[in-house]
Amino acid sequence: MNSEKQRIVGAAPAGASDRESAARAVREMFTSIAPRYDLLNHLLSFNVDRLWWWRTARRFDSILKQPGARVLDLCCGTGDMAFALSHRAGGADVGIFGADFSHAMLQRAMLKANGAARAKETGQAPSLRWIEADALRLPFPDAHFDLVTSAFGFRNLADYDAGLCEIARVLAPNGQCGILDFGEPRGRLLGELYRVYFNKVLPAIGTLVSGVRGPYAYLPASVERFPAPEEMLSRMKQAGFAEASWTPYTMGVAGLYWGAKAK
Ligand SMILES: C[S@@+](CC[C@H](N)C(=O)[O-])C[C@H]1O[C@@H](n2cnc3c(N)ncnc32)[C@H](O)[C@@H]1O
């Protein structure tokens, strides 16, 4: 391998040979499915995705009710995790940033945010801002945020450890992070059914509806490649989180990694 290039210790889409090509392939993949992303998300998860975002946001109620709290939703995609956070914050004076490196995904987040604001016509919602940025090189100063979340995005980073270090860097002392992602459900029967659905049915429907071959085959491969909870928790500790835990959602189909930076 070219010494200039870095080994992939994260997502590895087919054909990627280093961190840069992996990130590029991931960005192109999400850009290609952006128009159908929301529809497929709800369809393929039987709408349970809404419950997962809501549970994740609820976990951070204490931060979201703090006036002046600063929140970053990484890999925000079309914005649903950021919207759930904003909803939980209610009228509190909380600043929420959604960051993603796919322009097409962000555009849809902005359209949805504008539509929701028009529907409400209150202008009182916590401020939501969108920024095109790479999660591995965030344009924010050290210790800036009280909370960093990422829903189904972290798994796509080309370097998990660099991603965790970057989250830890932008978090203030005592700040918290929540990484929501897919898991492998435990239990023989459920595990088997899930594997058939996730590896065969989901890629077939995803490909058919999005009209794009590739992204929905990459999804199960990326989940398989993602570290198991024990390993992920140990990586979080190494990256500077004083405390870390994992809470399974829906029998482990998804789960929330929670971390707190030292005071
Ligand atoms: C599966 S989508 C998740 C979107 C949203 N958070 C949700 O829950 O529906 C993953 C998102 O991560 C973004 N992403 C992946 N790697 C990224 C990176 N290095 N920097 C910023 N965004 C990234 C992709 O562009 C995509 O929008």
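Please say if the range 156-263 is rounded, prolate or oblate, where rounded means a/c under 1.5 for a ≥ b ≥ c the square roots of the C-alpha gyration tensor eigenvalues, and otherwise the choice is prolate for a/b larger than b/c and oblate otherwise? Mind showing how you got there, number by number?
Details: a/c = 2.92, a/b = 1.79, b/c = 1.63.
Verdict is prolate for the range 156-263.
Backbone amide hydrogens, once placed in the peptide plane, bring Phe145 within less than 5 Å of Leu171, Ala172, excluding anything fewer than 5 places away on its chain. In order along the range 127-133, the phi-based Karplus estimate (6.51 cos²θ - 1.76 cosθ + 1.60, θ = phi - 60°) of 3J(HN,Hα) comes to 5, 10, 10, 10, 9, 8, 7 Hz; Gly and Pro are listed as x.
A straight line joining the Cα centroids of the range 206-220 and the range 45-116 runs 25 Å. Stretching Glu192 away from Glu230 to a fully extended chain increases their span by 11.5 nm, per 0.36 nm per residue minus the current alpha-carbon distance. Here the Karplus curve 6.51 cos²θ - 1.76 cosθ + 1.60, taken at θ = phi - 60°, turns the phi angles of the range 186-192 into couplings of 8, x, 5, 5, 4, x, 5 Hz, with x standing for Gly and Pro.
Residue separation of Glu20 and Ala92 scaled by 0.36 nm, minus their Cα-Cα distance, works out to 22.0 nm of gained length. In this Cβ point-charge picture (+1 for Lys and Arg, -1 for Asp and Glu), the chain has a dipole of about 400 debye about its Cα centre. Computed from backbone phi, the HN-Hα couplings of the range 238-246 come to 4, 7, x, 8, 6, 10, 8, 8, 10 Hz, rounded to whole numbers (Karplus: 6.51 cos²θ - 1.76 cosθ + 1.60, θ = phi - 60°; Gly and Pro given as x).
Dividing the helix sum by the residues of the chain, where each DSSP H run of 4 or more adds -39500 (n - 2.57), gives a mean residue ellipticity at 222 nm of -13500 deg cm²/dmol.
Efficiency by 1/(1 + (r/R0)^6): what FRET value for Glu28 and Asp142, r their Cβ-Cβ distance, R0 = 30 Å, to the nearest 0.05?
Numbers: r = 31 Å, r/R0 = 1.03.
So the FRET efficiency works out to roughly 0.45.
Annotation: the antiparallel percentage among DSSP beta bridges lying fully within the chain is about 40.
With a ≥ b ≥ c the root eigenvalues of the C-alpha gyration tensor of the range 36-153, is it rounded (a/c under 1.5), prolate (a/b larger than b/c) or oblate?
Values: a/c = 1.35, a/b = 1.14, b/c = 1.18.
It comes out rounded by the Cα gyration axes.
Within the range 110-254, DSSP assigns beta bridges of which about 25% are antiparallel (rounded to the nearest 5). The value obtained for the range 223-263, namely the Cα convex hull volume divided by the number of residues, is 60 Å³ per residue. Across the options Gly211, Ala242, Phe182, the greatest Cα extent toward the positive end of the charge dipole of the range 115-263 (unit charges at beta carbon of Lys, Arg, Asp, Glu) belongs to Gly211.
Over the chain, the fraction of Cα-Cα pairs per 5 Å bin, rounded to whole percents and listed from the shortest bin up, is 1, 6, 13, 18, 20, 18, 13, 7, 3, 1, 0, 0.
Taken together, the values in this text are just the output of simple stated rules run on the coordinates, not laboratory data. Keep in mind that this is a model prediction, so the values were computed, not measured. Glycine also receives a Cβ, built like all others from the backbone with ideal geometry; neighbour counts cover every protein chain displayed.
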